[in-house]
Amino acid sequence: MKRSETRVLKDPEKIKIVVDETRRNILSLLRFSELTVSQIADVLQKDQSTIYRHMSKLEEAGFVEVRGEKKTHHIPEKVYARTAHFFILVPETEETSRLLETYSAKRMEKLYHLMKKMGADIHIDDDLITEGRRFVTALRSELFGEYEEIDEPLDIIMLKKLELFLILLRMEENEDFRGRVFQFIRKMKGSN
């Protein structure tokens, strides 16, 4: 099967599968290279049986597929690849929304800590994590319709650049949008 560029996922069961940290790490590794279970286990420092269980769930849900076989010490191993370069998760149930909110909050907190390490003068608290998650979700939802129109090859780096430039253009063209961006920046800096 040819890898698609972007897949939009609305199925709550598939979203539950992909938000697991180990599975997300596996998909991140497979973004750059096709790998075997033993290679993934080595990088993630987990035993192969654990990786096999996760790969089975990812394959059954359609996130990964077998692309071939590789012999390691004369033992054949399946080589896995992602089925899409980029997965966009769109919750359609309350349960899935809560699951993604928890995952999103952890990612937002990590993002803020990385920003602080890089010298950003921001004050991190639970309210800012919630506000940041809502802010990013609102920005993405404004761009979501445009994502579905993309039918050209688009990797994650290009998608992030596209998103950044669309946000910058909207800031230039739309005063209300620009005001919301600057209001959020003031909240991050603790100067409402």
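The values are calculated or read from the model by the stated rules, or taken from the named source; none is laboratory data. Quick caveat, the model's predicted, so the values are computed rather than measured. Methodologically, a virtual Cβ is constructed for each residue, glycine included, from the backbone with ideal geometry; neighbour enumeration extends over all protein chains shown.
Numerical summary
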quantity: The range 57-92 - residue that is modelled with pLDDT under 90 and of a type in the set (A, V, I, L, M, F, W, C) and, of those, farthest from Val8 (Cα to Cα); calculated: Ile75
quantity: Residue pairs meeting the criteria (Cβ under 7 Å; at least 6 apart or on separate chains; first assigned by TED's automatic domain parsing to the domain that holds Glu34 and on the phi > 0 side of the Ramachandran plot, in the range 52-68; second part of a helix (DSSP H, G or I) and surrounded by 14 or more Cβ atoms within 10 Å (Cβ to Cβ)); calculated: none
quantity: Flag if Met118 is assigned by TED's automatic domain parsing to the domain that holds Ser141, under 21 Å from Glu131 (Cβ atoms) and loosely packed, with under 15 Cβ neighbours inside 10 Å; calculated: yes
quantity: Helices (runs of 4 or more DSSP H) lying entirely in the range 1-56 (those with 2 or more residues that are modelled with pLDDT under 90); calculated: 12-18, 21-30
quantity: All positions within the range 96-119 that are in contact (Cβ under 8 Å) with a residue 12 or more places away in the chain and small (Gly, Ala, Ser); calculated: Ser104, Ala105
